[in-house]
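Everything on this sheet refers to the single structure shown next.
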Amino acid sequence: MDIRELQGYASFFMTIFLVIMLYGYIIYLYRSEKRGDRDYEKYGNIALDDEVTSTPVEDKPASQRE
Amino acid sequence: MQSNAALEYDYSIAKLFTYTTILFGFLGMLVGTLIAAQMAFPELNYLIGEYGTFSRLRPIHTNTVVFGFTVSGIFATWYYVGQRVLKVSMAESKFLMAIGKIHFWLYFVGALVATVSLLLGYSQSHEYAQYEWPIDIVIVLIWILWGISIFGIVGIRREKSLYISLWYYIACFLGVSMLYLFNNISVPTYFLTDGLGSVMHSVSMYSGTNDALVQWWYGHNAVAFGFTVPIVAMIYYFLPKESGQAIYSYKLSLLSFWGLMFVYLWAGSHHLLWSTVPDWMQTMGSAFSIVLILPSWGSAINMLLTMKGEWNQLTENPLIKFMVLASTFYMLSTLEGPIQAIKSVNAIAHFTDWIPGHVHDGVLGWVVFMIMSALFHMVPRMFKREIYSKKLIEVQFWIQTVAVVLYFTSMWIAGITQGMMWRAVDEYGNLMYSFIDTVTVLHPYYAIRALSGVLYLTGFLIFAYNMYKSMTSSKQLTEEPQFKTPMA
Amino acid sequence: MFHWLEKNPFFFSVAVFVVISFAGLIEIVPNFAEASRPLVGMKPRTVLQLAGKNVYVKDNCMSCHSQLIRPFKSETDRYGDYSLSGEYAYDRPFLWGSKRTGPDLHRIGNYRTTDWHENHMFNPSEIVPGSIMPAYKHQFTNLADIETAYAEAVTVKNVFNTPYADDLIGTRAGWDAYKPKVLAEAKAIADNMKNKDVKDAVANGEVPEIVAIIAYLNSLK
């Protein structure tokens, strides 16, 4: 297998992989919101309420969530 | 508002970068206006001897607006937005304050030295990467300091989720690092020859077609990660904050982010259509340029929808007007770019003035408008004074909007005229025009463009004056405004 | 599974980096060996021509002139054969340019002479009425840096195996021995020129920038 062929396969499979990831991400975003796991839209408030003294939108470390 | 006086955001670094944004913005646009005028009136080439020719000044214009104005604007807003969306003050870490100060001063001195080096003619001749190797090393250091500052403050954050603007700032940091490093690899000739010749001189690591590929992979994506990604970061913070409206769809902003990251990098080869790079690569560049409309418009539409039901703010608040117009110009230029990347259109458009026309509706209309409105939003909060004059903002807005329209319309006409004249043949198939015919015909358009430069620069001077007054002598604020920026 | 990426700055950065470097890896890297092959029998530029190329870079001619003839009849009629990848194999940096405010120069050596360039660089609008190109009078007095050009030739020979002859040696003594060849080449150009000061300078063993850049422009064929 020469580098040309390798390039072709790499390009093809990587593209498919990334497309699957992107669609998976879309599905994940909506499913997790529907199930009530997470409210993505609340992150928009990070910009609106941004005093140094305000309560963080999400302040628990990742290990303690849920 | 804050009960705890000890805990406040520290804007000292953001202020310093605000000054350089205004300074380099003025210088870059001044040189830009001069070289635009030189194309209409060539006598202007001889103002300062060999240092004043169009060819010597053009890189100074491009590099001053890119690495002077825009990058200063990115740093200024970063040192402002970064703290706020992470809800942690820089003052809480002495280390980060020190890094910030070193970052600024190295940047400022480096920028001055770099400009002088271009004036003297030291150049690697890669567009937007002209600086010779010693200056490249300084630039890399500056960038590393910025990286330390980003990840340092992210490390001590209170807000655990990273707001979408931060994603874009981090992407800007990573993208520019990768591109700049690879495109600037070169071999200094002095050290390999026992000290012969100039220390400054180097040869590119790549040759010919490869060099072109790497350069335009860089050139195109420097635009992506310098003029798009961090500016989107700004609008995702400043538009919601100024209008009091949360982003229309946060999920859409996340999707557009990944879409933009993936697609943008492929499109670089559209700068090399009909050249000697392999055909499949040119086609790939064309195709991905079209796909690129999707994530770009995803962000832009998200911004416009954020204002849904709040359009009255457009008449009440000139900053909203700036930002909405900026999103609109972003949509225009991200549609125009893909059109130019279609191979048959590119055959006419490439090498003509339509290309600078495209660059400038993006840069003048989107980048500069967004950075100026960001500064308008930041300065009252950093200096605790209201904006000096709303009327001046309105005047500036209209002068600059007219200037942008004059710029791109004149360059569209000039570019298409010249592109068509180059290929025009008579009934026997002979070329109809000699090259010089296609130059002299452009004189009126070059004159209009020079006029638009003067107008835009005037608008920027009004902006600088308004900023100066707002920093020093307008009415003091007792507490920080939550959303709409107060102005007299 | 994605949420963890959104919250962890390190893994987030890695993900961004993977996504953005993908295009470069697939698109650019595999073509390197292929695209850098020179045409059969092509010679690298002489030291004087390299010095001229450096003047071309210093005065940034590429901001207005391309060196890339595209495969259209209107371009081949105007400028000559369309450009081939192999012709650029020794060009560091490439000088294709991105804007044609002036005409393409990739084959200008075929249809312009030393004499024409001398007059044109001194005052372009006298030779081409209506020209908006600035005059480059300073090239008649500034001296070209032939030593740096020599250092460049030695470097590309040693680092990139560019096929230069064996008498290019990267030492002070090597340069002193080689310098007369460069001056002889410069003299051949100056013999076709009229400017007295330039001729005198070349006779005194100096090379004004104009001589070097004409040598370079004549080599563009």
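Using the Cβ-Cβ distance between B:L305 and B:S434 with R0 set to 56 Å, the FRET efficiency from 1/(1 + (r/R0)^6) comes to roughly 0.60.
Rolling a 1.4 Å probe over the protein heavy atoms of segment B:30-142, with every protein chain left in place, gives an accessible area that is 80 percent carbon and sulfur.
Neighbours of C:F2, meaning other residues whose beta-carbon lies under 12 angstrom from its beta-carbon, give a summed charge of +2 when Lys and Arg score +1 and Asp and Glu score -1. Extension gain for C:W4 to C:E34 (0.36 nm times residue separation, less C-alpha to C-alpha distance): 6.6 nm. Per residue, segment C:47-219 exposes 37 Å² of accessible surface when a 1.4 Å probe is rolled over the protein heavy atoms with every protein chain present.
In summary, the aspartates and glutamates within cross-link reach of B:K391, defined as a Cα separation below 13 angstrom excluding same-chain residues under 8 places away, comprise B:E316.
The simple Förster model, with R0 at 35 Å and r as the Cβ-Cβ distance, assigns C:K196 and B:D194 a FRET efficiency of 0.45.
If you take all C-alpha pairs in the protein assembly as shown, what percent of them are over 49 Å apart? Considering the protein assembly as shown, 19 percent of its Cα-Cα pairs are separated by more than 49 Å. With helices as the sole contributors, chain C gives -15000 deg cm²/dmol at 222 nm; each DSSP H run of n ≥ 4 counts as -39500 (n - 2.57), and the sum is divided by every residue. Under 5 Å from the amide H of B:I387 lie the amide H atoms of B:M487, B:A488, each residue being 5 or more positions distant or on a separate chain, with H modelled from the backbone and absent for Pro and chain starts.
Using the Cβ atoms and a cut-off under 14 Å, what net charge is assigned to the surroundings of B:A403, where Lys and Arg are +1 and Asp and Glu are -1? Within the 14 Å Cβ shell, the charges total 0. Long hydrophobic helices in chain B: the complete DSSP H runs spanning 27 Å or more by Cα along their own axis with mean Kyte-Doolittle hydropathy of at least 0.0 are B:12-40, B:94-119, B:133-155, B:164-183, B:318-341, B:390-423, B:443-472. Listed by chain and number, the lysines placed with their C-alpha closer than 21 angstrom to that of C:K157 are C:K43, C:K53, C:K179, C:K181; residues fewer than eight positions away on the same chain are left out. Label separation (C:N110 vs C:K73): 1.7 nm, computed from points 7 Å beyond Cα along the C-beta direction. Each peptide in B:22-35, B:277-290 receives the mean, over its residues, of other Cβ atoms within 10 Å, and ordering these scores from highest gives B:22-35, B:277-290. Think of it as helices only: each DSSP H run of n ≥ 4 in chain B is worth -39500 (n - 2.57), and spread over all residues that comes to -22500 deg cm²/dmol at 222 nm.
Packing-based ranking of C:66-72, C:40-46 yields C:66-72, C:40-46, ordered from highest to lowest mean Cβ neighbour count within 10 Å. The dipole here belongs to chain C: it is taken about the Cα centre, uses +1 on the Cβ of Lys and Arg and -1 on the Cβ of Asp and Glu, and is about 220 debye. Step through the table entries B:K241/B:K469; B:K251/B:K390; C:K99/C:K194; C:K137/C:K187; B:K87/B:K251; C:K99/C:K137, compare each Cα-Cα distance with 29 Å, and write down the pairs that go over it. Pairs exceeding 29 Å: B:K251/B:K390; C:K99/C:K194.
Taking Lys and Arg as +1 and Asp and Glu as -1, the other residues whose beta-carbon sits under 14 Å from that of B:K469 total +3. An oblate overall shape is assigned to segment C:47-219, the ratio a/c of its alpha-carbon gyration tensor axes (a ≥ b ≥ c) being 1.5 or greater and a/b not exceeding b/c.
Between C:L143 and C:E209, the built amide H atoms are under 5 Å apart, and every one of these is 5 or more places off in sequence or on another chain. Shielding of peptide C:153-159 by partners, expressed as the average count of other chain Cβ atoms within 10 Å per residue Cβ, is 5. Pairwise inverse Cα distances across chain B, averaged and inverted, put the Kirkwood hydrodynamic radius at 23.6 Å.
FRET efficiency for the A:E5 to A:K34 pair, using the beta carbon distance and R₀ = 41 Å, is estimated at 0.40. Partner shielding of B:35-44 amounts to 2, given as the average count of beta-carbon atoms from other chains within 10 Å of each residue beta-carbon. The value of relative contact order for segment C:92-153, using C-alpha pairs under 8 Å at least six residues apart, is 19 percent. For the peptides C:150-163, B:74-87, residues were scored by their other Cβ atoms within 10 Å and the scores averaged per peptide; the highest-first order is B:74-87, C:150-163.
Per-residue Karplus couplings for segment B:308-314, computed as 6.51 cos²θ - 1.76 cosθ + 1.60 with θ equal to phi - 60°, are listed in order as 3, x, 10, 5, 4, 4, 4 Hz, Gly and Pro entered as x.
Remark: mean inter-chain Cβ contacts per residue of B:52-65 equal 3, using a 10 Å Cβ-Cβ cutoff to other protein chain atoms.
Within the accessible surface of segment B:239-360, defined with a 1.4 Å probe on protein heavy atoms only, the carbon and sulfur portion equals 74 percent. Positive end of the dipole of segment C:47-219 (Cβ unit charges, origin at the Cα centre): among C:P208, C:T114, C:G130, the Cα lying farthest that way belongs to C:G130.
The values are calculated or read from the model by the stated rules, or taken from the named source; none is laboratory data. Everything numeric here is computed off the predicted structure, so don't read it as measured data. Using ideal geometry, Cβ is built from the backbone for each residue, glycine included, and neighbour counts are taken over all protein chains shown. For accessibility, only protein heavy atoms count, side chains too; no ligands or nucleic acids. Shrake-Rupley method; radii C 1.70, N 1.55, O 1.52, S 1.80 Å.
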